[in-house]
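Structure, as structure tokens:
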Amino acid sequence: MNLIGLIDTTGLLLNIARRNPAPTDKVAANFLKSKKSLGSNDRRFILNLLFFYLRNMTLFDYIAENFPNTDKLLESISKNEKLNSKPKDFSAILIAFYAATQIDYFAGEVQLEQFINKKQINDSGSIVSTFQQTMQGYCEWTQLDINNWTNNLLYLFELIYNSSLNEINENSKFNITNYQYSIILYSFPDWIINNLLQFTSLSIANIFNLAAAFTKSAPITIRINSLSKKAEQVAASLKENGVELTKCSLSPAAYNLSHRIYLSEHPLAKTGAIEIQDEASQLVAYAMAPSENWVILDACAGAGGKSLHLATLQNDSGRIIATDKELMRLKELPKRAQNAGLQSIRTYLIDSKNKPIVKDENVKYFKRRAFNAILIDAPCSGMGTLRREPMKKYRTTSRLIEKMSNLQYQILSEYSQYLNIGGVLIYATCSIMPQENDAVVEKFLENQHEFAPDSLSNAFDKYGIAIAELEDNYKFTFYPHLFGTDGFFISRMIKIE
């Protein structure tokens, strides 16, 4: 497919993604599955450009709406019957593409050139020259039209960039103008900024650095199953696919891949030797620091990534009971456990009131309140995963956060009752919102006097994990601009009576 065709198809997908409430990656997967003629490079180009746009949607929409040539461009595009996407969506993606290839601020963020077949590039070898020539054919523009379009786009971006706090530090002087332009530049909703200012210790400079981090793509992080393969073996196997591994700084089992490949069909993934898992998510199992003979309840297990990690830390010698109310997610866990050679995990559905439906001998652990540890990776807004699911920052509301907070407190209160005296309780979310995190555990400890805070750093010490900022706290939020991870909250408590 030629360059403008790729941009047009991305615009068509954008129109669908804007309207569909489902996760964008699933929407995109279904869309691309229906486009049989697209090659693998075409698909990667479309996905990279789409998510680049979505992470920076406020910025590109603002440019599109305030761009001097927008009306002329839309009018010209609307006359072209070859294009399938709406003129507005085509224009937005067109601006995103040009920004990705020509604006230094985005340098290296989306290397779209590597996904374009060389046959699509003209004799000059310039992607921009090809882009300009193709635009002339599609929009009936003259070279002067295109030169004016690109110059005005660059000028408008520079205006936004220079009017914002483009060098953010603690000494930055804020006024309403650069604050508003910063919101546009970093595509971060005002209500989230105010929420973090009010309920966390983050400074305004820190919050905008956080917002900037959410406009970048997330690394591809794997967890190596130490019971199955050593890091050297995994590195050697992936090197055959041209992939290099970089050791992460926090989790002992975490490595970043040099570039994205389809891992689902890779032998390492099929045999459970590796799992795709964010580094902060991996720290949840280490925060529990389980003994080998513990009986553990993974109360909101989902597809079971943390259950698998806990079983590995126990050398598959304990017992893990993984529950969830979503069968489609939970049914993946037994297969994943079998692939990884793990036999200590059992899965059970829970009912609509978050009560476990257990019918065999494992019911005794619930009746006797005999779990040595309970993990509650609670359902949440997902506001820590904005690099991967950027639409969440535009769709999430303060009302949803409040609703999630109430549900989380309910789940924490209900499942904690199954813990044995002296047992460990881990509460975690993939959110940065304090109402879902600190507020939930603080309310829980205030009302449940048989529980007490317990040091996270002591648990991490068992694995040689040192986080200076953690000090001796029992709860901690990991932020992408500080740790390179997803936004993630982890807390550790114990039952004292």
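Bear in mind these aren't lab numbers, they're just calculated from the coordinates by the rules spelled out. From a predicted model like this one, the values you see are computed outputs, not experimental measurements. No Cβ is skipped: glycine too gets one built from the backbone with ideal geometry, and neighbour counts run over all protein chains shown.
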message: Taking the Cα of Glu167, stepping 7 Å toward and past its beta carbon, and measuring to each backbone N in segment 209-228: which are under 18 Å?
response: 209
field: Reachable aspartates and glutamates, given that their alpha-carbon falls under 15 Å from the alpha-carbon of Lys306 and they are not under 8 places away in the same chain
entry: Glu275, Asp278, Glu279, Asp298, Asp316, Asp324, Glu332, Asp377
query: How many percent of all Cα-Cα pairs in segment 233-336 sit more than 22 Å apart?
result: 36 percent
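Can you tell me what the convex hull of the Cα atoms of segment 296-392 projects to on average, as an area in nm²? Can you show the working numbers first?
Numbers: hull surface 28.6 nm².
With the hull built on Cα positions only, its mean projection is 7.2 nm².
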task: Work out from phi, with θ = phi - 60° and the Karplus expression 6.51 cos²θ - 1.76 cosθ + 1.60, the ³J(HN,Hα) of each residue of segment 308-324, listed in order in whole Hz, and give x for Gly and Pro.
output: 4, 5, 4, 4, 5, 5, 8, 6, 6, 9, x, 9, 10, 9, 9, 10, 6
field: P(r) histogram, all alpha-carbon pairs of segment 221-276 included - 10 Å bins from 0, percent
entry: 25, 65, 10
query: Under the Kirkwood approximation applied to all pairs of distinct alpha-carbon atoms, what is the hydrodynamic radius of segment 287-495 in Å?
result: 17.5 Å
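Starting from 0.36 nm per residue, how many nanometres of slack lie between Thr142 and Glu113 once their C-alpha separation is accounted for? Don't skip to the answer; put the middle values down first.
Working: separation 29, 0.36 × 29 = 10.44 nm, distance 2.46 nm.
Computed gain between Thr142 and Glu113 is 8.0 nm.
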Ordering of 375-383, 363-371 by packing [mean C-beta count within 10 Å, highest first]: 375-383, 363-371
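Ranked from highest to lowest mean number of other Cβ atoms within 10 Å per residue, what is the order of the peptides 31-38, 304-311? Don't skip to the end; give the middle numbers.
Values: 31-38: 12.1, 304-311: 26.1.
Going from most to least packed, we get 304-311, 31-38.
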- request: Return the distance in nm (one decimal) between the two label points of a simple spin-label model at Gln417 and Ala370, each offset 7 Å from Cα along Cα→Cβ.
  value: 1.9 nm
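Express in nm, to one decimal, how much length is gained between Leu445 and Trp191 on full extension, taking 0.36 nm for each residue of separation and deducting their alpha carbon distance.
In short, 88.6 nm is gained.
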query: Stretch Leu400-Ser237 to full length: gain in nm at 0.36 nm per residue minus the Cα-Cα span?
result: 54.3 nm
- prompt: With Rg and the Kirkwood Rh both taken from Cα atoms, where does Rg over Rh land for the chain?
  reply: 1.00
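Could you tell me what fraction of 2.2 N^0.38 Å the Cα radius of gyration of segment 23-70 comes to, as a two-decimal ratio? Spell out each step's value before the answer.
On the way: Rg = 13.5 Å, N = 48, 2.2 N^0.38 = 9.6 Å.
Rg over 2.2 N^0.38 Å, computed on Cα atoms: 1.41.
In the structure shown, do any of Lys88/Lys392; Lys367/Lys462; Lys33/Lys270; Lys270/Lys359; Lys403/Lys475; Lys216/Lys392 have a Cα-Cα gap over 26 Å, and if so which?
Lys367/Lys462; Lys270/Lys359
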- line: Mean Cβ-within-10 Å packing, highest first, puts peptides 277-290, 42-55 in the order 277-290, 42-55
